[in-house]
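Worksheet for the structure shown next.
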Amino acid sequence: MWFIRFVTSSIGKKLIMGTTGLLLFLFLCTHAAGNATIYMSSEVFQSYADELHSHPLIVMVFSLVIFVLFVVHAGLGIFLFLENRRDPGCRYAVNTRVVSNSLASRTMPYSGLFILLFVLVHVFGFTFGPEHVPISETVKVMLSGFFYGLFYIISFIILAIHLSHGFWSMLQTFGLNHPRYNVLIARLTYILPAFFLLLFGGIPLYFMSGAGASF
Ligand code: HEM
């Protein structure tokens, strides 16, 4: 069947990795925008979370889509990593000579696995966290803890490294490679991960440093 042939072909796998990566990236943008309300006040963040949860069907479908995207992206990533280890000759073409030596490109499977671990810890802590406690309180209590906050900061550094290669690789997959745009693309591969690192990483720092004590 054409679908099986597509999924098992090298270009098919690459397109699936690129498309799921792009959708996860878009999720990260919406999540960053929602979490940015933490910098305003606990009331603003709480009312954002309450508004979100006043649409349970949308939240359920959204969560399901995110879950499937994570499973496909991580599952295929692990499969490709194992396939490449078994037979380095059939290496699927995410790496070109230009980037194959960069730290980010060489560590993609490891940074990906770490992010998966982070997401599991994160979802169990927040989405399935204590009931009858406002989410703004849960976020404050958890991220004020030294080790939990440190784990978050380390995770965001690793996420930034993963994104810096993943974003570039995704654009190559979709054919965005033109001398006119390559300088801009090269800059974006640093600017976007740095932006996420500052926005997400600032949150545990805000609570750990005591600046968010009155949150
Ligand atoms: C300090 C930074 C972050 C904060 C404060 C934060 C906060 C939250 C909160 C409060 C929820 C639960 C939402 C709810 O059910 O009410 C949540 C869910 C989630 N977060 Fe984060 N988050 C952060 C960073 C991240 C990052 C970097 C990722 C991805 C790598 C991520 C992935 C997720 C996922 C997958 C869910 C579950 C979404 C769903 O099921 O709809 N989060 N986050």
* State which residue pairs qualify: first residue among the small types (Gly, Ala, Ser) and inside region 113-139, second residue not in a helix (DSSP H, G or I) in any location, beta carbons under 8 Å apart, and separation of 6 or more residues or different chains. => 136/215
* To do: Only residues that are more than 10 Å from the ligand (Cβ to nearest atom) and either closer than 27 Å to residue 166 by Cα or assigned to a helix (DSSP H, G or I) (or both): list them for region 47-57, please.
  => 47, 51, 56, 57
* **Where residue 99 falls short, out of the listed (1) surrounded by 15 or more Cβ atoms within 10 Å (Cβ to Cβ); (2) modelled with pLDDT of 95 or more; (3) more than 16 Å from the chain's Cα centre (by Cα)** => (2)
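Here is a yes/no grid of residues against (1) more than 20 Å from residue 172 (Cβ to Cβ); (2) exposed (fewer than 12 other Cβ atoms within 10 Å of the Cβ); (3) at pLDDT 90 or above:
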residue: 52; (1), (2), (3): yes, no, yes
residue: 56; (1), (2), (3): yes, yes, yes
residue: 80; (1), (2), (3): no, no, no
residue: 86; (1), (2), (3): yes, yes, no
residue: 93; (1), (2), (3): no, no, no
residue: 104; (1), (2), (3): no, no, yes
* **Single residue of 161, 154 found to be of a type in the set (Val, Ile, Thr), without any contact (Cβ under 8 Å) to a residue 60 or more places away in the chain and surrounded by 18 or more Cβ atoms within 10 Å (Cβ to Cβ)** => 161
* Asked: Which helices (runs of 4 or more DSSP H) does region 97-215 wholly contain that include 1 or more residues that are within 12 Å of the ligand (Cβ to nearest atom)?
  -> 108-125, 135-144, 146-173, 179-208
* Structure fact -> Those residues of region 1-40 which are within 16 Å of the ligand (Cβ to nearest atom), free of Cβ contacts under 8 Å to residues at least 24 places away in the same chain and over 17 Å from residue 73 (Cα atoms) amount to 29, 30, 31, 33, 34, 37, 40
* **Residue that is farthest from the chain's Cα centre (by Cα) [pool: residues in region 164-191 that are surrounded by fewer than 18 Cβ atoms within 10 Å (Cβ to Cβ) and of a type in the set (A, V, I, L, M, F, W, C)]** => 183
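The values are calculated or read from the model by the stated rules, or taken from the named source; none is laboratory data. Small disclaimer: the values here were computed from a predicted structure and weren't measured. For neighbour counting, all protein chains shown are included, and Cβ atoms are generated from backbone atoms with ideal geometry for every residue, glycine included.
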